Structure formats: C-alpha cells, structure tokens
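Visitor: Below is a structure I'd like to ask you about.
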Amino acid sequence: MTTPLLTLDNLHVAVEGKPILNGLHLAINDGEIHALMGPNGSGKSTLAFALAGREGYEPRKGEMRFQKRDLSALAPEERARLGLFLGFQQPVDIPGLGVMPFLRAALNAKRQARGEEEISPADFLRLCRGAAERLGISEELLRRNVNDGFSGGEKKRLEILQMTILKPRLAILDEIDSGLDIDALKLLGHAVNALREDGMAALLITHYRRLLEHLALDKVHLLRDGKIARRGGAELAEIVEREGYAA
Amino acid sequence: MPPNPENLFPDNLPSWTKLHGDKAIRDQCRQRVLREGLPHRRLEGWTYTDIAAALARQPSALPKRPKDAERDAADILIKDGFLMTPPKNLPKETGLEIAPLSGASLPSWAADFLQEEESAALPSLNRALTQEGIAIRVRARARIASPIRFIFAASQNHAAYPRLIVLLEKGAKLSLMETHPAGEGGGFLNLVRQIHLDAGAALHHLIIQEARHSFIHASAARIALQKEARCQTAIIAEGAKLARMEWDCSLNGKNADAHLAALILAGDSRHADIAARVFHKSGGARSFLSARAILGGRARGVFQAATHIAHRANQSDARQNSRACLLSPNAHMRAKPELAIYADDVKCAHGSAVGEMDDNALFYLRQRGLSEKIAKSMLLEAFIQDHLPSLPNMNHAMDAARLSLKKLLKSEKSEKSEKHDPAA
C-alpha cells in the first residue's frame with residue numbers, strides 16, 4: 001500500500017489558547033480531490049493555516065505528514081517548495097509589488113529548491129500570459145500590483161493563476177469559490193482537473209456544492225467541533241446542501 | 001545646555017564672507033542669529049530636533065577652500081560649501097545658464113535672490129556665512145534634457161554654508177539630482193536652496209542624503225510656484241546624528257502643483273526630521289505631502305507636514321499622508337500633520353499610520369515559497385515602490401532607495417546578531 005501524500009493523525013491545534021482542532025484524522029492520496037465542509041467556526045481555515053505553517057497555528061498534539069515529511073518541522077516556505085499550496089480565503093493586498101515579478105520570484109524559489117535553473121523572463125512571460133488567458137485574466141490585471149484594488153473575484157482568479165503556475169502537489173483551496181461567478185467557477189474546475197491529470201491532489205474547503213459539480217470528488221469530509229464528524233462521497237455534499245450541517 | 005550662537009562666528013571672518021558686496025545683508029543676518037539664537041526644542045516645529053544643543057555639543061570650524069581637484073566632470077562638486085567644479089566644466093546647454101555664487105561677475109538675476117530677506121534662524125546663519133554655491137537659470141520654454149547632478153561633499157568637522165539658486169522661466173523644464181554622500185566624522189552642513197518657477201515651468205528634484213553617523217545635516221528648500229508651475233521633489237534620507245530637511249513651498253497661482261515624496265530609511269541611532277510646509281496662496285492649486293519611513297535600530301524619524309490654505313484660496317486640493325514601518329522595538333516615528341484652512345471650498349485630506357511589518361503579507365509571500373528574508377525585503381521594497389511611482393527620475397530614485405534599504409537591513413541584521421552573541 002502506498003503512503004498517502006498527506007496524512008493527518010490525531011491533529012490538535014489551538015489558536016490563542018483556544019482548542020480548535022481536536023483530534024483530526026485525514027489522508028489524501030496523490031491526484032485525489034477532497035472536499036472539507038463544515039459550519040462557521042468548525043476549524044476549516046485553522047486546518048488550512050496549520051498545514052501551511054502560519055505562526056500561532058502550530059499543532060499541540062498529533063502529526064501532519066506530507067510526502068513522508070513532518071510538516072511541523074518545516075517553515076512555511078519549505079512546505080510551499082515541497083508542493084503545498086494554500087489558496088487564501090482572503091488574499092492579501094500588496095501595493096507596490098507587481099503581480100508578474102511576484103509570480104516569477106515564487107516560481108524561481110520553487111525551481112531553485114529543486115535544483116533547476118531560473119526561468120528566463122521570456123519563457124515566464126509566455127507561461128504567465130498563456131495561463132492567464134486560459135483563466136480569463138486580462139493583461140491589465142497582470143500589470144497591476146498584487147491584489148491591490150482587485151475585486152473579490154479578481155483576487156480569487158489570481159490565486160488560481162498562482163496555483164496553475166506553481167503546479168503544487170497538494171492545493172488547499174480555502175473558500176476559493178466565494179466571490180467567483182459561474183463562468184469563473186467553471187474555469188476553476190477546469191484548472192483543478194487539468195492539474196489533477198498531472199497528479200495534483202486538492203483539499204477544497206467550501207460551503208457550497210456549486211464548485212464541486214465541476215469536479216470528480218473522491219471524498220467529502222464534514223468537520224464539526226474540530227473533528228471529522230462524517231465522511232462520504234460526493235453524495236454527502238448534496239445532503240449537506242439539502243439538509244444543512246445538522247444532517 | 002544653552003547654545004551660544006557667538007561660537008558659530010569666529011573673530012576674524014574669512015575673506016569669502018565679503019564676496020558679492022553683500023556685507024549689509026550678511027551683517028543683518030548675523031545680528032538676527034545673535035539676537036534670536038538657534039532653534040531649540042521649546043520652539044514649535046523643533047520639538048523633535050534640538051539642533052542648537054547638537055551644535056553646542058559638537059562645534060565645527062569654518063573651513064578653508066579645499067584643495068582637491070574636481071575629478072568627475074559629470075557632477076557638480078560642492079565641498080565644504082565651496083564650488084570645486086571649474087566654470088569651464090559646468091554643464092552647457094541652450095537655454096541653460098549656470099553661474100557660480102562667487103566672484104564679482106554675479107548676474108543680476110542671481111544677485112536678486114541673494115538680497116532676499118531671511119526670517120528664520122538657520123537660513124539667516126547660512127546667509128551670514130554663505131561660502132559659495134551655484135545659481136541656475138533656465139530660459140523661457142527651454143527644456144533641459146539631462147538632469148543636473150550635484151554632489152555635496154564634506155570633510156571632517158567643518159561647517160559648510162552653501163546656497164543653491166534655481167530660476168525656471170515661463171514653461172522651462174529642469175531636473176536636478178542632489179547627493180549628499182555617506183562619510184565618516186562630524187561636521188555641519190547648512191544648505192539653503194531658493195527655487196522660483198515662473199508660469200508653466202516644471203522642476204523635478206531628487207535629493208539623496210546618505211547616512212553620516214556623526215554629522216549634523218540641515219537643509220532647506222524655499223520654493224515659489226507661479227500659475228501652472230509644477231514642482232516634484234523626492235527626498236531619500238538615511239539620516240545622520242541629526243538631519244533636518246525643510247521643504248517650504250508657496251503656491252502663488254492657479255493650477256500650481258507641488259508634490260513632495262519623502263522617504264526615510266534610517267537605522268542605528270540616526271535621526272531624520274523632514275519638515276514640509278505648503279502655502280496655498282492662490283485658489284485652484286494642488287499639493288501632496290507624502291512620507292514613508294522604514295526605521296530600524298534606535299533610529300528616529302520625523303515627518304511634520306503643515307498645509308496652510310489662505311482665505312479665498314478656494315478650490316485648493318491639499319493632501320498629506322505618512323506611513324511608517326518600524327523594524328525594531330526601539331525605533332521611533334513621529335508624524336505631525338497640520339492643516340490650517342481659511343477658505344470654504346477646498347478638498348483636504350490627511351492620513352498617518354505607524355506599524356510593524358504586515359504579518360499577513362509576510363506569510364502570504366512565504367506560502368508561495370519565498371524565504372523570510374526575501375519576503376521581508378520584497379515587502380519593504382513594495383512599501384517604497386508604492387510611494388515613488390509618480391516621481392521624477394524614477395529609476396534613479398528607486399535604485400537609490402533599494403540601496404539604502406539594503407544597507408538598513410544589513411545594519412539591522414548585524415545589530416541583531418550582536419545582541420545574540422554572548423561574547424559581544
């Protein structure tokens with residue numbers, strides 16, 4: 001039996017002294033798409049931050065293993081370079097930092113970690129423009145500063161563009177569907193499916209089934225009080241949408 | 001310690017204080033300094049910068065004319081207040097007239113500036129002891145393509161009182177780049193710039209003040225803009241033992257437009273105080289006083305912005321903005337906005353923020369694989385870049401700012417490693 005890409009074993013995380021995750025178990029294999037649903041405050045974003053290594057979200061107990069490595073021992077950038085990508089629920093505005101220089105620096109950091117050469121400016125431009133075009137992102141947006149003055153939908157599209165360019169092994173997408181219109185949801189679905197063909201796995205944190213309709217889901221997990229309260233296939237998302245989280 | 005301004009004037013004044021046949025105005029200015037003293041902390045506007053006490057503790061002697069030869073003809077070198085570039089090497093271009101402020105042949109337009117009455121202490125001190133300097137005139141509608149570059153060098157423990165005069169006639173355009181290079185040792189610079197822009201003229205002025213730990217730097221720009229004239233100034237200040245940079249602008253005509261973008265990048269125990277004042281004397285003019293500061297170590301940054309809108313100066317558009325990022329718990333930033341509005345129909349805004357580096361943004365960049373060091377440096381560069389885009393000589397300004405930032409981060413790093421080194 002192969003080792004899962006991500007294994008969470010009895011994970012406990014407290015934020016500012018308050019327990020949020022209370023013994024969470026989860027395993028995601030290469031190329032699998034999982035959805036994590038749950039009411040507000042159930043710990044979904046806490047899990048995303050704990051996995052990505054945000055300060056203040058360190059596990060108090062349990063294990064997080066990604067590609068057989070103990071995530072707790074790694075800095076956020078080391079986790080990212082291993083292929084762990086977090087699509088932020090609230091992407092940060094960085095006035096003064098251009099989208100393209102930022103993307104290129106991020107891609108080069110990853111390439112450098114793998115012992116590859118830096119991408120040439122011309123190749124990067126081609127790659128970036130191609131990916132942006134497929135996601136319906138305008139040239140004008142690429143010339144702006146990171147999320148500065150972006151609408152909610154534009155910010156989410158930029159998260160998807162970053163995922164497409166960085167080609168992670170595991171994408172944790174935290175409410176990436178909020179703020180996206182129907183066309184953008186479809187494009188997001190295509191982007192995740194295309195990356196999945198290359199072996200990417202994804203953990204989609206969401207409240208709605210509308211994004212999940214564009215994807216072939218492997219598993220759905222229902223988080224409640226910091227634990228997985230229920231597991232199932234795509235049908236669980238339908239039940240949740242019909243009956244609410246109390247289902 | 002009560003300062004004694006007498007100490008600034010030696011018994012026998014050097015011969016250069018008798019140039020230009022301007023003995024009367026020099027005496028008058030000297031009397032003013034002796035009568036009123038130098039600025040101290042009890043004065044409004046000088047609360048954070050006690051230049052009188054600093055000068056009393058660290059006296060500087062009046063220099064003799066330095067002997068070094070001018071080496072780089074591309075820059076105009078003013079050393080210890082003396083113009084070192086020979087007249088034959090001064091920039092030449094159609095419509096451009098450059099006159100050294102020395103000798104008997106001072107043109108009347110430059111002499112007129114030197115007759116202007118001084119009302120404040122430091123410019124009065126400068127006028128009493130002005131050594132040399134330069135006067136620049138750009139003829140009507142002439143557009144000077146290459147920037148005029150100055151270097152204000154200082155040898156150790158000398159007091160320099162240079163003066164810079166700029167006259168842009170109607171529709172003329174000029175770009176100035178002024179560097180105050182880093183150096184060792186004490187000393188005192190008291191520089192005064194008198195700048196006049198006729199209708200429709202445009203000046204871009206970049207001032208780079210590099211770090212001098214033991215130096216006292218005082219400089220003032222006094223700018224007058226007629227209708228539709230435009231002045232954009234960028235100051236990059238690394239600070240000194242004490243640095244006070246004043247920028248006063250008078251908007252005398254409709255659609256005059258003044259923009260000051262100040263950037264303080266100071267570490268160690270350096271001090272940089274930027275005091276900007278803009279006077280909307282005519283309606284329909286615009287001003288923007290803006291500052292960004294990145295401070296490390298025990299550095300102290302000050303941005304005092306004062307906007308005065310005169311009675312009947314309606315449709316004035318005045319903005320002020322200040323943001324500071326503190327890299328160390330011992331760094332301090334003081335931001336003091338002032339708006340005095342005597343007209344009814346105006347647009348005015350001001351904002352100020354002081355904080356540490358944004359943890360959310362830092363985490364965001366690190367989550368994309370950038371190391372903490374690179375992410376921090378990118379965020380600070382973005383903080384600067386966000387401030388500079390509308391500025392003249394943008395590439396040069398950004399390069400200079402990046403270099404200053406690099407030096408600042410390096411000094412922060414070494415300070416931290418000293419703290420962690422038990423042997424230190």
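Visitor: For the range A:78-149 and the range B:275-351, compute the distance between their C-alpha centroids and round to whole Å.
Guide: Comparing the Cα centres of the range A:78-149 and the range B:275-351, I get a distance of 36 Å.
Visitor: While we're looking at this one, here's another question. Just for the range B:5-418, what percent of DSSP beta bridges are antiparallel, to the closest 5? It would help to have the intermediate numbers written out before the result.
Guide: Details: 8 of 136 bridges.
Beta bridges within the range B:5-418, antiparallel portion: roughly 5 percent.
Visitor: Where does chain A land on Rg(C-alpha)/(2.2 N^0.38 Å)?
Guide: Values: Rg = 17.6 Å, N = 247, 2.2 N^0.38 = 17.9 Å.
In units of the globular-protein estimate, chain A measures up at 0.99.
Visitor: Once the mean 1/r over all distinct Cα pairs of the range A:20-144 is inverted, what Kirkwood radius in angstroms do you read off?
Guide: Numbers: mean 1/r = 0.0585 Å⁻¹.
Evaluated over the range A:20-144, this radius sits at 17.1 Å.
Visitor: Another question, if that's okay. For the range B:405-412, what does the Karplus curve 6.51 cos²θ - 1.76 cosθ + 1.60, with θ = phi - 60°, yield as ³J(HN,Hα) per residue in whole Hz, taken in order and with x for Gly and Pro?
Guide: Those phi angles translate into 5, 4, 5, 5, 5, 5, 5, 5 Hz.
Visitor: Using each residue's phi in the range B:158-163, evaluate 6.51 cos²θ - 1.76 cosθ + 1.60 at θ = phi - 60° and report the 3J(HN,Hα) Karplus result to the nearest Hz, with x for Gly and Pro.
Guide: Each residue of the range B:158-163 in turn: 10, 9, 10, 10, x, 9 Hz.
Visitor: Please compute the contact order of the range B:5-418 in relative form: average sequence separation of alpha-carbon pairs under 8 Å and at least six residues apart, divided by the residue count, as a percent.
Guide: Taking the mean separation of contacting Cα pairs over the length of the range B:5-418, I get 10 percent.
Visitor: Looking at B:318, B:86, B:333, which one has the Cα that reaches farthest to the positive end of the dipole of chain B (charges on Cβ: Lys, Arg +1; Asp, Glu -1)?
Guide: Result: B:86.
Visitor: Quick check for you: which residues of the range A:99-125 have the amide N under 11 Å from the point 7 Å beyond the Cα of residue A:140 toward its beta carbon?
Guide: Hits in the range A:99-125 for residue A:140 at 11 Å: none.
Visitor: For the protein assembly as shown, what is the percent of antiparallel DSSP beta bridges, rounded to the nearest 5? Provide the component values of the computation, followed by the final result.
Guide: Details: 31 of 176 bridges.
If I count the DSSP bridges inside the protein assembly as shown, around 20 percent turn out antiparallel.
Visitor: Additional query: Calculate, for residue B:27 and residue B:58, the FRET efficiency according to 1/(1 + (r/R0)^6) with r their C-beta to C-beta distance and R0 35 Å; round to the nearest 0.05. Before the final figure, lay out the partial values.
Guide: Working: r = 27 Å, r/R0 = 0.76.
My answer for the efficiency is 0.85.
Visitor: Which FRET efficiency, nearest 0.05, do residue B:156 and residue B:94 yield, Cβ-Cβ r, R0 41 Å?
Guide: Values: r = 41 Å, r/R0 = 0.99.
The calculated FRET efficiency here is 0.50.
Visitor: With all distinct Cα pairs included, what does the Kirkwood hydrodynamic radius of the range B:276-424 come out to in Å, to one decimal, could you say?
Guide: It works out to 17.5 Å.
Visitor: Reachable lysines from residue B:376, Cα under 17 Å, same-chain residues fewer than 8 places away excluded?
Guide: B:406, B:407, B:410, B:413, B:416
Visitor: What list of ³J(HN,Hα) values in whole Hz, one per residue of the range B:373-379 in order, does the Karplus curve 6.51 cos²θ - 1.76 cosθ + 1.60 (θ = phi - 60°) give from phi, with Gly and Pro shown as x?
Guide: Ordered by residue, 3J(HN,Hα) equals 5, 5, 4, 5, 5, 5, 5 Hz.
Visitor: Fewest Cβ neighbours within 10 Å first, please rank B:336, B:79 accordingly. Mind showing how you got there, number by number?
Guide: On the way: B:336 15, B:79 23.
Listed from fewest to most nearby Cβ atoms, that is B:336, B:79.
Visitor: Grab the DSSP H runs of chain A that are 4 residues or longer, score each as -39,500 (n - 2.57), total them, divide by all residues and round the 222 nm result to the nearest 500 deg cm²/dmol. Don't skip to the answer; put the middle values down first.
Guide: Working: 8 runs with 91 residues, N = 247.
Theoretical 222 nm ellipticity from helices: -11500 deg cm²/dmol.
Visitor: Note down the nm distance, to one decimal, between modelled labels 7 Å out along Cα→Cβ at residue B:317 and at residue B:414.
Guide: Using points 7 Å along Cα→Cβ, the separation is 4.6 nm.
Visitor: Roughly what % of Cα-Cα distances in the protein assembly as shown sit above 33 Å, to the whole percent? Don't skip to the answer; put the middle values down first.
Guide: Numbers: 126804 of 224785 pairs.
Of the Cα pairs, 56 percent sit more than 33 Å apart.
Visitor: Mind listing the long-range amide H neighbours of residue B:224? Cut-off is under 5 Å, sequence gap 5 or more, other chains count too, H placed in the peptide plane at 1.01 Å from N.
Guide: Amide H neighbours of residue B:224, under 5 Å, 5+ apart: B:195, B:196, B:197, B:250.
Visitor: Under a plain spin-label model, where a point goes 7 Å from the Cα along Cα-to-Cβ, how far apart in nm are residue A:224 and residue A:148?
Guide: 4.6
Visitor: Label-point separation (nm) for residue B:11 and residue A:242, each offset 7 Å from Cα along Cα-to-Cβ?
Guide: Label-label distance for residue B:11 and residue A:242, simple model: 10.7 nm.
Visitor: OK, next. When the Cα centres of the range A:173-247 and the range B:191-238 are compared, how far apart do they sit, in Å?
Guide: The two parts, judged by their Cα centres, are 58 Å apart.
Visitor: Give the average, rounded to an integer, of partner chain Cβ atoms located within 10 angstrom of each Cβ in B:287-295. Don't jump to the answer; show the numbers that get you there.
Guide: Values: counts 0, 0, 0, 0, 0, 1, 0, 0, 0.
Neighbouring Cβ atoms belonging to other protein chains average 0 per residue here.
Visitor: Is there a quick way to get the dipole size of chain A? I mean about its Cα centre, with the Cβ of Lys and Arg at +1 and of Asp and Glu at -1; what is the value in debye to the nearest 20?
Guide: Details: 34 positive and 35 negative charges, 80 e Å.
Using only the charged Cβ atoms, the result is roughly 380 debye.
Visitor: Right, another one. Sorting check: for B:210-219, B:34-43, which peptide has the highest mean count of neighbouring beta carbons within 10 Å, and how do the rest follow? Write down the numbers at each step before the final one.
Guide: Details: B:210-219: 22.9, B:34-43: 14.7.
Order by mean packing, descending: B:210-219, B:34-43.
Visitor: Give me the percent relative contact order of chain A, please, defined on Cα pairs under 8 angstrom at least 6 residues apart.
Guide: Values: 445 pairs, mean separation 68.2, N = 247.
Computed over chain A, the figure is 28 percent.
Visitor: Follow-up. State, as an integer percentage, the relative contact order of the range A:130-247 based on alpha-carbon contacts under 8 Å between residues 6 or more apart. If you can, show how the numbers build up before the last one.
Guide: Numbers: 113 pairs, mean separation 23.8, N = 118.
Relative contact order comes out at 20 percent.
Visitor: For the range B:5-418, with the dipole built from +1 on Lys and Arg beta-carbon atoms and -1 on Asp and Glu ones, taken about the Cα centre, which of B:363, B:66, B:148 lies farthest toward the positive end?
Guide: The listed residue farthest towards the positive side: B:148.
Visitor: Restricting to DSSP loop positions (anything but H, G, I, E, B) with no more than 14 other Cβ atoms inside 10 Å of their own Cβ, which GluC sites (Glu not before Pro) remain in the range A:96-161?
Guide: When the GluC sites (Glu not before Pro) of the range A:96-161 are filtered for loop state and at most 14 Cβ neighbours within 10 Å, A:116, A:117, A:118 remain.
Visitor: Across chain A, where is the longest run that never hits trypsin sites (Lys or Arg not before Pro) in a DSSP loop with at most 12 other C-beta atoms within 10 Å?
Guide: Working: sites that count: A:68, A:114.
That would be A:115-247.
Visitor: Then there is this: Which aspartates and glutamates have a Cα lying under 14 Å from the Cα of residue B:64, excluding residues fewer than 8 positions away in the same chain?
Guide: Of all the aspartates and glutamates, those that pass the test against residue B:64 - Cα under 14 Å, at least 8 places apart if same chain - are B:80, B:132.
Visitor: So what is the 222 nm mean residue ellipticity for chain B from helices alone, if each DSSP H run of at least 4 adds -39500 (n - 2.57) and you divide by all residues, rounding to the nearest 500 deg cm²/dmol? Before the final figure, lay out each step's value.
Guide: Numbers: 7 runs with 87 residues, N = 424.
Taking each H run of at least 4 residues, the total per residue is -6500 deg cm²/dmol.
Visitor: If you take the Cα atoms of the range A:142-247, find Rg, then find the Kirkwood Rh from the mean of 1/r over all pairs, what is Rg/Rh? Please list the in-between numbers first.
Guide: Values: Rg = 14.7 Å, Rh = 14.8 Å.
Reported Rg/Rh (Cα atoms, Kirkwood Rh): 0.99.
Visitor: Need one value for B:376-384: mean number of C-beta atoms belonging to other chains within 10 Å of its residues' C-beta atoms. Provide the component values of the computation, followed by the final result.
Guide: On the way: counts 0, 0, 7, 3, 1, 3, 10, 4, 1.
Mean inter-chain Cβ contacts per residue within 10 Å come to 3.
Visitor: What does the structure give for A:86-96 when I average, per residue, the other chain Cβ atoms found within 10 Å of the residue Cβ? Mind dumping the intermediate values first?
Guide: On the way: counts 4, 1, 4, 0, 2, 2, 9, 4, 10, 6, 13.
That works out to 5 on average.
Visitor: To the nearest 0.05, what FRET efficiency results for residue A:40 and residue B:373 with a Förster distance of 25 Å applied to their C-beta separation?
Guide: Working: r = 36 Å, r/R0 = 1.46.
Computed FRET efficiency for residue A:40 and residue B:373: 0.10.
Visitor: Now a separate question. P(r) for chain B: what percent of alpha-carbon pairs falls in each 10 Å bin, starting at zero?
Guide: In order of increasing distance, the bins hold 5, 22, 32, 27, 12, 3, 0 percent.
Visitor: List B:23, B:281 from most exposed to least, where exposure is judged by having the fewest other Cβ atoms within 10 Å. Before the final figure, lay out each step's value.
Guide: Details: B:23 11, B:281 19.
Lowest to highest Cβ neighbour count: B:23, B:281.
Visitor: As an exercise, take the mean of 1/r over every pair of distinct alpha carbons in the range B:224-295, invert it, and state the Kirkwood radius in angstroms.
Guide: Working: mean 1/r = 0.0780 Å⁻¹.
Its Kirkwood hydrodynamic radius stands at 12.8 Å.
Read-outs: derived from the displayed coordinates by stated rules, not from any lab. Note that this is a predicted model, so its numbers are computed, not measured. We place every Cβ from the backbone using ideal geometry, glycine too, and count neighbours over all the protein chains shown.
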